[in-house]
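Written below as structure tokens is the structure these notes are about.
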Amino acid sequence: CMRPPSTEGLWLCSYYLTQDRPDFPFCSKELRQTMARPRVGDEVAVKRAVRYLSRYPTGTLLYRWQESPSAILTYTDTDWGGCQKTRRSTSGGLLMLGDHLITFWSRTQQTVALSSCESEVNALIKGGVEGLGLKIMISQCGGDLGLDLKTDASAAQGLCARSGSGRVK
């Protein structure tokens, strides 16, 4: 079993890149999961990430002037059972004020979702929590914004729009 030289520098690099580049958090999360015990195949993933970063060395976020938004937009999505080994899903999302990106995330869900709807609802809840946190912070500064949750999963939208649990476990 070949062991890559030192992975500590790569971990720090991938962690700090994740904070500034919305195109890199999923890759960074996947690379960090195997840093403690690298396997032979992990070297290929590291090389792919380095090639990507050398091809696109900078990421630029452009914030143009805009009118004051009326709501915080939260977009979420998941890959149901995306990890081949643990079958856990990855939740991703972003918060926007108008056209301005405020924050983003890519995290592995703590539980194994039994359906794509469950996975999407978990991501939607995470997006709601992040959005409420930003809404509270803005209200403490004197602002008053609404919160819009967006997802592409119609089953999750239907589940969240219900009044009452019905037959949902």
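The values are calculated or read from the model by the stated rules, or taken from the named source; none is laboratory data. Predicted, not measured: the structure shown is a model, and the values here were computed from it. Note that each Cβ is placed from the backbone with ideal geometry, even for glycine, and that neighbours are counted across all protein chains shown. When the accessible area is computed, the model is the full protein with side chains, heavy atoms only, and any ligands, DNA or RNA have been set aside. Shrake-Rupley method; radii C 1.70, N 1.55, O 1.52, S 1.80 Å.
The table below lists the values:
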{"read-out": "Label-point separation, Val44 to Cys83 (7 Å along Cα→Cβ), nm", "value": "2.0"}
{"read-out": "Dimensionless Rg over Rh [the chain; C-alpha; Kirkwood]", "value": "1.03"}
{"read-out": "Compactness of segment 85-169 - radius of gyration and Dmax, Cα, Å", "value": "14.5, 47"}
{"read-out": "The chain, accessible surface, carbon-and-sulfur percent (1.4 angstrom probe)", "value": "57"}
{"read-out": "Degrees separating the helix 8-20 axis from the principal Cα axis of the chain, which is the longest one", "value": "30"}
{"read-out": "Sum of side-chain charges, Thr103 neighbourhood, beta-carbon under 14 Å (Lys, Arg +1; Asp, Glu -1)", "value": "+2"}
{"read-out": "Chain lengthening between Ile138 and His100 when straightened (0.36 nm per residue, less Cα-Cα)", "value": "12.2 nm"}
{"read-out": "Folded to 0 to 90 degrees: helix 42-55 orientation relative to the chain principal axis, Cα", "value": "70"}
{"read-out": "Where labels lie 7 Å past Cα in the beta-carbon direction, separation of Gln33 and Gln66 in nm", "value": "3.2"}
{"read-out": "Antiparallel DSSP beta bridges within the chain, as percent of all bridges there, nearest 5", "value": "75"}
